[in-house]
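The values are calculated or read from the model by the stated rules, or taken from the named source; none is laboratory data. Everything quoted here is computed from the prediction, not taken from an experiment. Note that we place each Cβ from the backbone using ideal geometry, even for glycine, and neighbour counts take in every protein chain shown.
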Amino acid sequence: MSVLPFTSRSAARGRPHRNMVLTRADDLRLTRGPWRKAFAVLLVVCYLSLPHWYSDASLSVLTLVAAFAIGSIGLNLLVGYTGQVSLGHAAFVSIGAFATSALGDQRGWPLPAYLAVAVLVGLLVGAIVGPFALRLRGNYLAIVTIGLVFVAEHIYRNWESLSVPVRGTAPTRNAAIELGPLDFGKGLQFGDVVYTREQSLFWLAWALVALTALVAHNITRTRSGRAMQAVRDHDLSAEVIGVNPARTKVGVFAVSGAMAAAGGVVYSFTLGAVDYHELSGGRGLFMSITFLAIIILGGLGTIYGSILGAFLVIYGQRFIADNGADAPILGIPVEKGWLSTGELNGVLFGLLVIGFLLLEPRGLAALWLRVRRWFEKWPFSY
């Protein structure tokens, strides 16, 4: 596309600023400016080198962070970009987890096959739930989505062939995690160098995070993404200007469910076992609230905010937990009932959510924008 006439370099008799967008191609570019390109290179270097620095235990936590980041990106499309409410996100995560157990472990399907099935089923279930958003909103829609985790609990409790494996038997450790010649389950091998399972799964999980973030970012820049934001701001006004709110709401529920199912596949890899009690019912509701807290703390309406929030909530618990959820804090015995590790995690988690809502409701994404703008405008950063 040609340069716009009022920004022509010949007319201005000078060189435009490097951050000035002149063409549609510049507007669609993922990285603009030397600093952003350097930061992208730094992320790639960290992605390739972190498994060499961290222990397998730390890498397992980072892989779990990746699972929650993938699910949070999908939820942020639903809540942050479209303005819908969902407290049943764990039900979609359970789809990916049980697809890994039932298809990958019990039937020996390859990774691309059961990952595709998980994403497809999550897409279909999201499309089935989506029409409820056409007639309900706010608290009423939240109550309907809460029902998802209890419906999932009933299904898994009675579908014995699917939900027999429980935590401790490690059924998903037998699932094939292969992409062509690359075997992530047994550990990658390049020449004489052999990597552990945790190192290999770290690379696979964060590659899926990057792919999910790229897909979500491109969705938000399309006509559908602008329609989502118009529905979020005012669905009636969006309909007046030609947006179809029904198609938009159903579509974003479907995409969100598909991404959550993909996160469930990574979640099952990390834990090595699937327990329906963790992903449905009361515990499933708590997991759904955790997803909601992640996008609030990270930043609603931002893709990278979902990843930052996952780091803060999931990896941040590692700084508190030492020997497990039953370890006492400050030498106080657990049986006295004052404060255990798990209870302290819950207290700090609640205080963190309250603090961000009061002091910075836009989350970590807003803090990052301030830091970035300070460096971009330096020395006139005021």
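Residue-level check: of (1) farther than 17 Å from Val215 by Cβ; (2) in a helix (DSSP H, G or I); (3) touching a residue at least 40 places away in the same chain (Cβ under 8 Å), Val117 misses just (3). The set of residues in the stretch 317-363 being closer than 19 Å to Leu64 by Cα and at pLDDT 80 or above is empty. Residue-level check: of (1) modelled with pLDDT under 90; (2) assigned to a helix (DSSP H, G or I); (3) crowded, with 21+ Cβ neighbours inside 10 Å, Ser86 misses just (2). Could you list, in sequence order, all residues of the stretch 272-285 that are part of a helix (DSSP H, G or I) and under 27 Å from Glu198 (Cα atoms)? Tyr276, His277, Glu278, Leu279, Arg283, Gly284 - these are the residues of the stretch 272-285 that are part of a helix (DSSP H, G or I) and under 27 Å from Glu198 (Cα atoms).
Every residue, every condition in (1) in contact (Cβ under 8 Å) with a residue 24 or more places away in the chain; (2) of a type in the set (S, T, N, Q); (3) touching a helix residue (DSSP H, G or I) at 6+ places or on another chain (Cβ under 8 Å); (4) under 17 Å from Trp203 (Cα atoms), yes or no:
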| residue | (1), (2), (3), (4) |
| --- | --- |
| Val266 | yes, no, yes, yes |
| Leu271 | yes, no, yes, yes |
| Leu297 | yes, no, yes, no |
| Thr302 | yes, yes, yes, no |
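Being over 11 Å from the mean Cα position of the chain (by Cα) and surrounded by 24 or more Cβ atoms within 10 Å (Cβ to Cβ) is the filter; apply it to the stretch 287-301 and report the residue that is farthest from Leu271 (Cα to Cα). Even if it seems obvious, please write down each step before you answer.
So in the stretch 287-301, the residues over 11 Å from the mean Cα position of the chain (by Cα) come out as 287-290, 293, 296-297, 299-301.
In the following step, the residues that additionally are surrounded by 24 or more Cβ atoms within 10 Å (Cβ to Cβ) were identified as 288, 297, 299.
Values: Ser288: 18, Leu297: 25, Gly299: 27 Å.
Among those that are over 11 Å from the mean Cα position of the chain (by Cα) and surrounded by 24 or more Cβ atoms within 10 Å (Cβ to Cβ), it is Gly299.
Among the criteria (1) in contact with a Pro (Cβ under 6 Å, 6 or more places away or on another chain); (2) at pLDDT below 90, the one Thr145 does not fulfil is (1).
Within the stretch 244-271, how many residues turn out to be part of a helix (DSSP H, G or I) and over 23 Å from Ala210 (Cα atoms)?
Taking the stretch 244-271 and keeping what is part of a helix (DSSP H, G or I), we get 245-271.
Narrowing the set further to residues that are over 23 Å from Ala210 (Cα atoms) leaves 245-250.
Total meeting the criteria: 6.
Filtering the stretch 181-201 to residues that are under 18 Å from Ala57 (Cβ atoms) and among the charged types (D, E, K, R) leaves Arg197, Glu198.
When Gly187 is tested against (1) free of Cβ contacts under 8 Å to residues at least 40 places away in the same chain; (2) in a helix (DSSP H, G or I), exactly one condition is not met: (2).
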